[in-house]
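Dropping a structure here in structure tokens format, bear with me for questions.
The values are calculated or read from the model by the stated rules, or taken from the named source; none is laboratory data. Keep in mind that what you see is a predicted model, and the values were worked out from it rather than measured. Quick reminder, even Gly has a Cβ in these numbers, built from the backbone with ideal geometry, and neighbours come from all protein chains shown. Surface accessibility is based on the protein's heavy atoms, side chains included, excluding ligands, DNA and RNA. Shrake-Rupley method; radii C 1.70, N 1.55, O 1.52, S 1.80 Å.
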Amino acid sequence: MLTEAGSDLTVAPQASKERRAAARARPFRRVLPYLEIGALAVALILPLALGDRTDLVTLATNILILSMLAISFDLCWGLAGIMSFGQALFFGVSGYVIALVGRDLDFSELWATLPLAMLVGLALSGLFAAFLLLGRKTPSIIFVAFGTLTGSYAAERLVSGWQYVGAGNGLSSVKLLKLGAYEFVEGDAFYFLALGLLLLVYLGARFFKQSQLGLVLAGMRQNEERLAFLGYRVQLFKALLFSFAGMVAGLGGALYSYHQGFIGPGNMGPGLSTTAVVYCLLGGSGTLIGPILGTAVVEGLSYALSDIAAIRHIWPVVLGLVLLLVVMFQPRGIVGLFVSDRERIGAYGRRRRAG
């Protein structure tokens, strides 16, 4: 028995080496660029395909805006391993700020209010990063998760009882977003504005991921202690990325407020923060395009199921079960069905030719 067991132990590593060698020998085919180009093509022709269905154009615009929140979470979790349950906080606070600027100052110009919202998201997330990530001791994932969750919950409760910001009713009749004399209302113009800004956010996040900083983040995901041993200030890199993600969420919050004409306590609470986690995990974390697909699937299913009379009252339960099954049996998300782990995690540098 000992001999057979010993034989098995000898064979197992050999088989593992052979599998790795076979995987290295297979040609590396990138799938993500095709998914990205396909998604962009669909997004560009969608308003033309929908025609007069303004309700669906509004839904598609919401998906584009919420995708920024999903990308914000993916930057934290998928790239740096920061489990944030408070991304909606930066989203909602920025939405409130531009709503108040419109109400109290009668100002809603695009060139000033959107950068203001990004600055609010950046500053607020920077404060959270300084408190949660830059302490003397290395924070655990649980500490960061509960810290961001607590901040999101506390902010939701605060605005729920603050009459100046509308208390539990939120702020309605938010001024329309303007560019000079032109006003952006729901429809194709707002859709393409949201699409253009999402494209800029995506390209910026992609550049971030493939830069030297992205290389450090990839190393952190694999072995954070090793990077710290080599002299990298791991927590500082995390704080920078967390702040950048907060800025993206802030931009999304401002667009959401202008598009909906409303912002309320629920837009900064744990509910929306958890929904952003679902968007990302369902689509495939660490891929950037995955959270966008996850947002489209969740929001599309929500819209379709809520319109079916037989399940109108239980559709959130049905949607929850569907999402639970997908996450349980496909933990790498929808994109994981088509993209290898190597491409999802990222490849850096040039491969050496055999021989």
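Output yes when any residue across the stretch 265-275 is modelled with pLDDT under 90, more than 17 Å from LEU59 (Cα to Cα) and open to solvent by 60 Å² or more (accessible area, probe 1.4 Å), and no when none is.
yes
Where in the stretch 164-236 are there helices (runs of 4 or more DSSP H), lying wholly inside it, with at least 2 residues that are among the small types (Gly, Ala, Ser)?
Ranges flagged: 188-210, 212-222.
Mind telling me which of the residues LEU119, LEU134 ends up being modelled with pLDDT of 95 or more, more than 21 Å from ALA167 (Cα to Cα) and either out of contact with any strand residue (DSSP E or B) (no Cβ under 7 Å at 6 or more places or on another chain) or assigned to a helix (DSSP H, G or I) (or both)?
Every option except LEU119 fails the conditions.
Checking THR61 against (1) over 13 Å from the mean Cα position of the chain (by Cα); (2) open to solvent by 20 Å² or more (accessible area, probe 1.4 Å); (3) at pLDDT 95 or above, which single condition isn't satisfied?
(2)
Step by step: first the residues of the stretch 79-95, then only those that are open to solvent by 10 Å² or more (accessible area, probe 1.4 Å) and not aliphatic (A, V, I, L, M), then the one that is nearest to GLN222 (Cα to Cα). Which residue is that?
Among those that are open to solvent by 10 Å² or more (accessible area, probe 1.4 Å) and not aliphatic (A, V, I, L, M), it is GLY81.
Within the set of pairs 6+ apart or on separate chains, which have a first residue in the stretch 159-174 that is under 17 Å from ILE98 (Cα atoms) and touching a residue at least 40 places away in the same chain (Cβ under 8 Å), a second that is among the basic types (Lys, Arg) and surrounded by 12 or more Cβ atoms within 10 Å (Cβ to Cβ), and C-beta atoms under 9 Å apart?
Here the result reads LEU171/ARG103; SER173/ARG103; VAL174/ARG103, each pair linking the stretch 159-174 to a residue that is among the basic types (Lys, Arg) and surrounded by 12 or more Cβ atoms within 10 Å (Cβ to Cβ).
Quick check on LEU321: is it farther than 30 Å from LEU110 by Cα, in contact with a Phe, Trp or Tyr (Cβ under 9 Å, 6 or more places away or on another chain) and not charged (D, E, K, R)?
Considered against the rule, which asks whether it is farther than 30 Å from LEU110 by Cα, in contact with a Phe, Trp or Tyr (Cβ under 9 Å, 6 or more places away or on another chain) and not charged (D, E, K, R), LEU321 comes out as no.
Can you pull out the residues in the stretch 264-295 that are among the small types (Gly, Ala, Ser), assigned to a helix (DSSP H, G or I) and more than 27 Å from ALA218 (Cα to Cα)?
GLY266, GLY271
While we're here: Which residues, taken from the stretch 307-346, are at pLDDT 80 or above and open to solvent by less than 50 Å² (accessible area, probe 1.4 Å)?
Passing the criteria: GLY333, ILE334, VAL335, GLY336, VAL339.
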